[in-house]
Amino acid sequence: MQTNNKGGSCWQLVFTPMESYPAPFADFIDEYFTTSALDYNNDGREQLTAYADINFDEQDFAIRAKLSGIEILPYEKKRLESDNWLKDYVIKFAPVEAGDFLIYGIHEKNTPQTDKLPLQIYAATAFGSEHPTTRGCLEAVSRLRRKNIPHRNILDMGTGSGILALACAAVWKEETRITAVDIDEEAVIVTLQNASNNHLEPYIDAAAGDGYDTPLVQRNAPYDLILSNILARPLIEMAPKLYASLKPGGCCILSGFVDNQEDWVVSAHQKQGLKLIEKHQIDGWCTAVMEKKQ
């Protein structure tokens, strides 16, 4: 297995984009490498990137894949020069303003001067802090805040770094209970650490689990607001359970898909009985806000 040395330089492995990576291959990459990310590129195909420390052994990688019955897909390998690759290439990002919020990293020594709500994020292996879909969701939260939509019980499905859960906690605090869930245990650890760093831990319950089947999610349902910034395919698959977990009159914020996937995602939720109330694009990435009829 890839060692956990995040100091110094690293190797970046970018696998050839595909319509959909085979699940066993994606799972193997996630388990083998210290840090990996599955995203979409601009034409809607999945893009898998992995980071390995400078001692990465391609022969060991190939042997372990073969023993696991995994065919390694083509990739490009690039050496990234750094004193600390995790900090410089994975978690370091410039402060980002989105809606009512300013997001900045733990590498910043001081809180940036701002009239917005500042949130400090340690992204680690839970990616996404400056992605267009994250910005789209934060802007949607800001608009719903001004509309004073129901917000006493909120679910962040696929929480990642916890940034959307933190944003909701920052604007509504004592008025709300926020449930954050992710299939990745690492994401839950990062979310709870970010909540603590921002003094928002009293308002957020987090757990690892299988989506809407997670016991914490079922126990706290139904929700006034559900945020789900993941990928198009799982959004479509989870649409029935999202609908069942949302209160009548409640809203959901959906993101993680590109413009040519928008109709698929929106129509899957419309078939469940949700109404599209707004949609926005940032750099080709979409965010949709939908409402469950009373």
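A few remarks follow.
- Residues that are over 15 Å from residue 229 (Cβ atoms), open to solvent by 40 Å² or more (accessible area, probe 1.4 Å), in contact (Cβ under 8 Å) with a residue 24 or more places away in the chain and not polar (S, T, N, Q), drawn from the range 265-282: 271, 277
- Of all residues in the range 228-250, one or more are in a loop (DSSP other than H, G, I, E, B), touching a residue at least 60 places away in the same chain (Cβ under 8 Å), open to solvent by 10 Å² or more (accessible area, probe 1.4 Å) and under 24 Å from residue 172 (Cα atoms).
- Just one of (1) modelled with pLDDT of 85 or more; (2) more than 28 Å from residue 262 (Cα to Cα); (3) open to solvent by 20 Å² or more (accessible area, probe 1.4 Å); (4) within 23 Å of the chain's Cα centre (by Cα) fails for residue 32. It is (3).
- Single condition residue 85 does not satisfy, out of (1) modelled with pLDDT under 95; (2) within 20 Å of the chain's Cα centre (by Cα); (3) crowded, with 17+ Cβ neighbours inside 10 Å: (2)
- The residues listed here are 130, 58; of these, the one that is modelled with pLDDT under 65 and surrounded by fewer than 20 Cβ atoms within 10 Å (Cβ to Cβ) is 130.
- Odd one out for residue 91, checked against (1) crowded, with 22+ Cβ neighbours inside 10 Å; (2) modelled with pLDDT of 85 or more: (2)
- Pair list, Cβ < 6 Å and 6+ apart or interchain, from the range 40-52 residues that are within 18 Å of residue 81 (Cβ to Cβ) to residues that are of a type outside the set (Phe, Trp, Tyr) and modelled with pLDDT under 70: 52/2
- Extreme residue, farthest from residue 12 (Cα to Cα), among residues of the range 57-82 that are in contact (Cβ under 8 Å) with a residue 60 or more places away in the chain and of a type in the set (D, E, K, R): 64
- Looking only at the range 170-186, and only at residues there that are assigned to a helix (DSSP H, G or I) and not acidic (Asp, Glu), the one that is nearest to residue 30 (Cα to Cα): 170
For (1) over 25 Å from residue 118 (Cβ atoms); (2) out of contact with any Ser or Thr (no Cβ under 6 Å at 6 or more places or on another chain); (3) among the acidic types (Asp, Glu); (4) assigned to a helix (DSSP H, G or I), each residue gets a yes or a no:
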{"site": "191", "(1), (2), (3), (4)": "no, no, no, yes"}
{"site": "255", "(1), (2), (3), (4)": "no, no, no, no"}
{"site": "269", "(1), (2), (3), (4)": "yes, yes, no, yes"}
{"site": "277", "(1), (2), (3), (4)": "yes, yes, no, no"}
{"site": "291", "(1), (2), (3), (4)": "yes, yes, yes, no"}
{"site": "294", "(1), (2), (3), (4)": "yes, yes, no, no"}
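- Among residues of the range 189-205, those that are under 25 Å from residue 26 (Cβ atoms) and either over 17 Å from the mean Cα position of the chain (by Cα) or at pLDDT below 90 (or both), counted: 2
- Tabulated pairs, the range 143-160, first outside any strand (DSSP E or B), second among the acidic types (Asp, Glu), C-beta under 6 angstrom, 6+ apart or interchain: 150/224; 151/224; 152/224; 158/182; 159/182
The values are calculated or read from the model by the stated rules, or taken from the named source; none is laboratory data. The structure presented is a predicted model; accordingly, all values stated were derived computationally and were not measured. Positions of Cβ are generated from backbone atoms using ideal geometry, with glycine treated the same way; all protein chains shown enter the neighbour counts. Quick note on the areas: whole protein, heavy atoms, side chains included, nothing else; ligands and nucleic acids left out. Shrake-Rupley method; radii C 1.70, N 1.55, O 1.52, S 1.80 Å.
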